[in-house]
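For reference, the structure is listed below as structure tokens.
Laboratory data are not the source of any read-out in this text; all were calculated from the coordinates shown. Computed from a prediction, not measured in an experiment: that's the story for all the values here. Because the Cβ atoms are built from the backbone with ideal geometry, glycine has one as well, and the counts that use them run over all protein chains shown.
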Amino acid sequence: MTRFLLPLAAFIVLVGFLLVGLNLNPRQVPSPLIGKPAPVFQLEQLHESEKTLTSKDNLGKVWLLNVWASWCVSCREEHPILVELAKSGIVPVYGLNYKDERDLALQWLRQFGDPYTVSVRDPEGRTGIEYGVYGVPETYVIDKNGVIRYKQIGPVTVEALESKILPLVKELQG
């Protein structure tokens, strides 16, 4: 009898794990950086390569860091939303141009609009790795003290902007 119960119990446990896994949202991968200081960087600006931007330049203000690339199909999906957000002036949006060619990135911004206060280059992806980027686009909400408060994996949608990002930004600005 136990010869049949043991495999049956193992099967039931396996089915339980599969059911739990099927109900998880792959876009809600918890980031180990939430609540921790944003990684420090000093990167060349995309538009003015003789200038740099550092992560410390934004201390004292709430800001978004959007990781994007001209080769990224999903970036086109979120881009109009970022352009409108930038026009609203609610929160500054900074870009991290990830593993991209400078000329292609500049051409992409001319074609689709430039929502970024400043966009910096990360051609080898080192800064992206420090931020835990494993796919573009990704967007981070960073508070006045330089602490990461939220990470949006995948394109920013109107729903994500209205339900999570903007309420958090307003709370942090308050």
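Brief remarks follow.
- With Cα atoms, 0 to 90° folded angle of helix 73-88 axis to the chain main axis: 50
- As a ratio to 2.2 N^0.38 Å, the alpha-carbon radius of gyration computed for the range 78-174 takes the value 1.07.
- Each Lys and Arg contributes +1 and each Asp and Glu -1, all at the Cβ; summed about the Cα centre of the chain, the dipole is approximately 560 debye.
- With Cα atoms defining each centre, the range 35-57 and the range 80-149 are spaced 11 Å apart in the structure.
- Cα extents of the chain along the three principal axes, largest first (Å): 76, 38, 29
- Helix 2-22 and the longest principal axis of the C-alpha atoms of the chain enclose an angle of approximately 20°.
- Karplus (6.51, -1.76, 1.60) ³J(HN,Hα), θ = phi - 60°, over the range 117-130, in Hz, Gly and Pro reported as x: 4, 8, 10, 10, 9, 9, x, 8, x, 5, 5, x, 4, 5
- Pairs of lysines in the range 53-174 whose Cα atoms sit within less than 25 Å of one another amount to 20, provided the residues are eight or more positions apart or on different chains.
- Amide H contacts of Leu96 (H built 1.01 Å from N, in plane; Pro and chain starts excluded): Asn66, Val67, Trp68, Val120 sit under 5 Å, all sequence-distant by 5 or more or on other chains.
- The length gained by stretching the chain between Lys170 and Ile129 to full extension, at 0.36 nm per residue less their Cα-Cα distance, is 11.9 nm.
- For Val91, net neighbour charge (Lys/Arg +1, Asp/Glu -1) across residues whose Cβ lies under 14 Å away: +2
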